[in-house]
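Below is one structure; the comments refer to it alone.
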Amino acid sequence: MGKPHALLVPYAAQGHVIPMMELMQRLVNHGVKVTFLNTDFTHKLVTNASSNDENLNDLASFVSLPDGVEDEEDRKDVGKVAESIYQVMPKKLEELIERLNGNDNGEKVTCVVADTCMGWVFEVADKMKIRSAGFWTASAVGLATLWSVPKFLEDGIIDNKGTLVKKQMVQLSPSMPAISSEDFMWVRFGDIPMQEIAFDFTVKTNEFVKLADRVICNSSYELEPATFTSFPKILPIGPLLASNRVANQIGHFWKEDSTCLTWLDQQPVGSVIYVAFGSFTLFDQRQFDELTLGLEMTNRPFLWVVREDMKNEGFINGTKTHGKIVGWAPQQKVLNHPSVGCFLSHCGWNSVLEGITSGLPFLCWPYFSDQFINQMFISDVWKTGLGFDKDESGIVSKEEIKNKIDRILENHEFKVRALDLKEKVAVSYSKGGHSDKNFSNFIEWIQGLQGYHIAAQAWPCLIYRCYKSYNL
Ligand code: UDP
């Protein structure tokens with residue numbers, strides 16, 4: 001008898017590939033065969049950065065398809081990349097599924113689990129009569145905001161291109177925390193043309209997600225109870241992190257520099273400021289220099305992730321005393337290290353989950369998209385962190401950086417609340433918790449599809465047997 005076979009399709013960005021890889025690990029550990037589809041570009045990044053000690057279950061296999069973006073094109077242009085993917089990949093995905101189903105191992109694709117940002121995948125699955133589930137890798141409130149677009153249009157808060165018309169606080173339901181319309185995900189995407197591209201893409205994507213059987217979300221009921229109650233179609237299964245099952249995080253686009261772990265071993269408990277802005281964020285030179293000076297002024301040890309594409313000379317010369325710089329860190333291990341005292345973060349959702357699970361207070365430095373709503377949750381709802389204020393020239397000054405770091409490390413209430421949140425969230429993914437139950441249901445759904453698939457195959461055979469036994 002063949003195994004259930006899930007085709008997993010992440011969105012082609014670091015913050016989406018890592019959680020989808022973690023989902024893959026969970027599925028194969030439950031006996032589900034997984035084919036993981038990356039774009040050729042991300043597949044190459046992941047393969048080049050992976051180390052040999054990553055023991056992958058035999059049930060996992062990797063495939064890739066071109067995304068249509070040419071080498072000379074700018075991959076940081078999110079809208080362009082998304083558009084190209086949408087033009088090129090649906091046909092190729094169809095051919096891939098036909099190829100996988102043509103393999104003579106009886107393990108046809110029984111379901112597709114796709115990032116909800118890859119809405120077109122649900123259309124392909126629907127066309128091919130394959131059941132599908134959406135995986136939203138960010139906060140539930142982020143998705144709820146997208147699902148509330150028709151209401152925002154009706155209330156005249158945005159126009160039909162997504163451009164902000166009214167700056168106001170909105171509540172998606174009476175029990176949910178109010179969010180600023182200026183923090184809508186697509187509104188925080190840059191200039192107006194970028195916002196329009198992001199909005200158009202988001203709206204398109206949302207239409208297709210309706211074709212999915214269910215939507216799972218990498219969050220937990222304990223983090224966003226009101227959102228999950230008001231939007232019951234979003235099922236929390238998180239935090240889905242490798243560190244929760246004491247395993248290595250996989251799917252990185254850059255090679256990890258593990259020397260920082262030995263460096264952390266030499267620092268006092270709770271003393272280190274871990275500074276990381278995810279895979280995308282860039283700083284202008286002035287702000288970069290100010291951050292360097294601010295970190296130096298604290299006289300505290302800091303570990304700073306400066307990706308190759310962020311580096312510049314001034315910065316390197318400026319940080320000699322207390323800091324350790326790496327190009328890419330094993331972030332989950334770093335955050336769980338006892339020497340780390342706080343997380344200065346861009347508030348990407350994975351980083352938020354990882355910091356919470358490690359019981360750390362945050363210093364929030366959001367950059368774009370949903371990161372501003374995430375910051376609001378950290379500072380106003382969970383009260384486990386602080387944001388930075390900009391001065392009149394639009395810069396976060398070195399004094400502001402030093403002051404906020406001092407406050408977060410010296411006022412123990414932040415740490416107490418962070419540890420409390422960590423405990424609450426741990427209940428969710430422990431046996432019998434909300435996320436655990438939803439995940440078990442999800443596995444049952446996948447296995448049930450396989451049963452259905454086998455029954456469908458077995459039906460003609462059963463009729464034949466009845467026919468024989470009754471000597472018809
Ligand atoms: N990450 C890492 N090492 C680093 C920086 C980031 O492993 O030095 C990982 C981090 O653990 C997280 C992901 O990269 O899982 C970044 O995702 P997030 O949603 O935080 O931010 P994005 O990159 O999408 O902006």
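The values are calculated or read from the model by the stated rules, or taken from the named source; none is laboratory data. All figures in this text were calculated on a predicted structure; none of them were measured in a lab. Positions of Cβ are backbone-derived with ideal geometry, glycine not excepted, and every protein chain shown enters the neighbour counts. Note: areas computed on protein heavy atoms with side chains; ligands, DNA, RNA excluded. Shrake-Rupley method; radii C 1.70, N 1.55, O 1.52, S 1.80 Å.
Descriptive notes on the structure:
- Taking a ≥ b ≥ c as the square roots of the eigenvalues of the alpha-carbon gyration tensor, the range 1-129 is classed oblate because a/c is 1.5 or more while a/b is no larger than b/c.
- Efficiency of FRET from Cβ geometry, Glu423 and Gln168, R₀ 51 Å, rounded to 0.05: 0.90
- Angle between the chain longest axis and helix 192-209 axis [Cα atoms, degrees, rounded to 10]: 30 degrees
- Crossing angle, helix 40-49 versus the chain [Cα axis fit, 0-90 degrees, rounded to tens]: 60 degrees
- Length gained when the stretch Lys44-Asp213 is fully extended (0.36 nm per residue, less Cα-Cα span): 57.7 nm
- Most to least accessible of Leu282, Leu449 (protein chains only, probe 1.4 Å): Leu282, Leu449
- Taking the C-alpha atoms only, the angle from helix 434-469 to the longest principal axis of the chain is near 10 degrees.
- Of every Cα-Cα pair in the chain, the percent that sits beyond 40 Å: 21 percent
- Extended-chain gain in nm, criterion 0.36 nm per residue less alpha-carbon gap, Glu410 and Glu308: 33.5 nm
- Rounded to the nearest 10 Å², the accessible area of Thr229 at probe 1.4 Å: 90 Å²
- Where trypsin sites (Lys or Arg not before Pro) fall in DSSP loop in the range 76-131, at most 15 other Cβ within 10 Å: Lys76, Lys129
- Scoring 341-349, 387-395, 18-26, 403-411 by mean Cβ neighbours within 10 Å over their residues and listing the highest first yields 341-349, 18-26, 403-411, 387-395.
- Extension gain from Glu98 to Lys431, taking 0.36 nm per residue of separation minus the Cα-Cα distance: 116.1 nm
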